[in-house]
């Protein structure tokens, strides 16, 4: 067998854009750049597109039952509607089918290098990007790009919780969870009250001998449907009205009380924060399952002792398996953090996209919206493409925008909401206010008559 080859020669791709990742963010980044005349290479380590939505691929994070938690109008790209036959909340297989159709429709596969991993990215003396790649044969080579778009996602590096003591049963992160067959005959503890944690707790209740659910605090829960409509569509109506934040909260909390009720009646903890201060939890079954005794809620964990789990309220449960649904850490292992202006656990970028120093480095998809993400990453990508156009065709506009990037680096992306301190909220955004901001950027970078 021939040994993998390492080439020392650097292939100069000139003004081309390197897009890292062929998931939902990388695909729309490539599409919008190509549409505006840029040469693009999409680099994807898997043998197919889809990223997190490609079930059973090594780096995917969906599980067998995953459906979107945002409804179809807020999940689809604005220039490529989902099929009418799709349900309000599509299954992950439908999302993957949709992404494949999107890539075919816009001719993105011809620009994508599959089974190619990004090993290292460095800046050269002219601030071009040296991208070292390893292909399927193991051969390594380096390319030089003027522009770099990082779009490989941030929900892939598991954040495991740490408690005193040692647990002797089986302990996995939800990143490794695929289907509930692993729960059969076991006493299962699910840690974490995000959307994944609630889904897994419900699935454990249907398949395990006993399902426990540990959360640090009380939360607001929203059903998928409110008054016969997807809940996020009602939320969007409230946002469209531009209500003052206290009035918006009153409307949302009142709706939750009418549709979900007082969760303390079934044994769940009372929310310890105002509505919107944590990422939305959309689940129509959790409260019902707790009320019927199928899920036993517990508070935070004090310590482990073999298979005994001690909770802060003094209760102790014998557990066979723990699933930690505790989120992910933001990691870009192929590039040094100093290139990303890393501050307090995340890149500090304008709109979570634009670098304050490099005018040719962008991140697409580094956000946790209170709605669907595809629309937001589309408009992020349009803003990047518009800026790159202006840099060549209208340098005055591009320079004015660069001043805006530096001046507004620390702006509030929550529309006045102060999120609970958590790594979960490091890149949280209020989607409608964020979209308005992207719209203003695009307008400012568009020359008259363009």
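The values are calculated or read from the model by the stated rules, or taken from the named source; none is laboratory data. All values derive from a computational prediction rather than experimental measurement. Ideal geometry is used to build each Cβ from the backbone, glycine not excepted, and the neighbour counts take in all protein chains shown.
Among the residues examined, residue 366 does not qualify as in contact (Cβ under 8 Å) with a residue 60 or more places away in the chain, touching a helix residue (DSSP H, G or I) at 6+ places or on another chain (Cβ under 8 Å) and either surrounded by 22 or more Cβ atoms within 10 Å (Cβ to Cβ) or part of a helix (DSSP H, G or I) (or both).
Take residue 118 and tell me if it is in a strand (DSSP E or B), touching a residue at least 12 places away in the same chain (Cβ under 8 Å), in contact with a helix residue (DSSP H, G or I) (Cβ under 7 Å, 6 or more places away or on another chain) and surrounded by 15 or more Cβ atoms within 10 Å (Cβ to Cβ).
Details: in a strand (DSSP E or B): yes; touching a residue at least 12 places away in the same chain (Cβ under 8 Å): yes; in contact with a helix residue (DSSP H, G or I) (Cβ under 7 Å, 6 or more places away or on another chain): no; surrounded by 15 or more Cβ atoms within 10 Å (Cβ to Cβ): yes.
When the stated conditions are applied, residue 118 does not pass them.
Would you point out which residue out of 409, 376 is over 19 Å from residue 34 (Cβ atoms), assigned to a helix (DSSP H, G or I), assigned by TED's automatic domain parsing to the domain that holds residue 125 and touching a residue at least 40 places away in the same chain (Cβ under 8 Å)? Checking each option against the conditions leaves just 376.
Selection within the range 148-183: residues that are in a strand (DSSP E or B) and out of contact with any helix residue (DSSP H, G or I) (no Cβ under 6 Å at 6 or more places or on another chain). The member of this set that is surrounded by the most Cβ atoms within 10 Å (Cβ to Cβ) is 150. Considering 24, 7, 70, 65, the condition of being in contact (Cβ under 8 Å) with a residue 24 or more places away in the chain and more than 27 Å from residue 224 (Cβ to Cβ) is satisfied by 7 alone.
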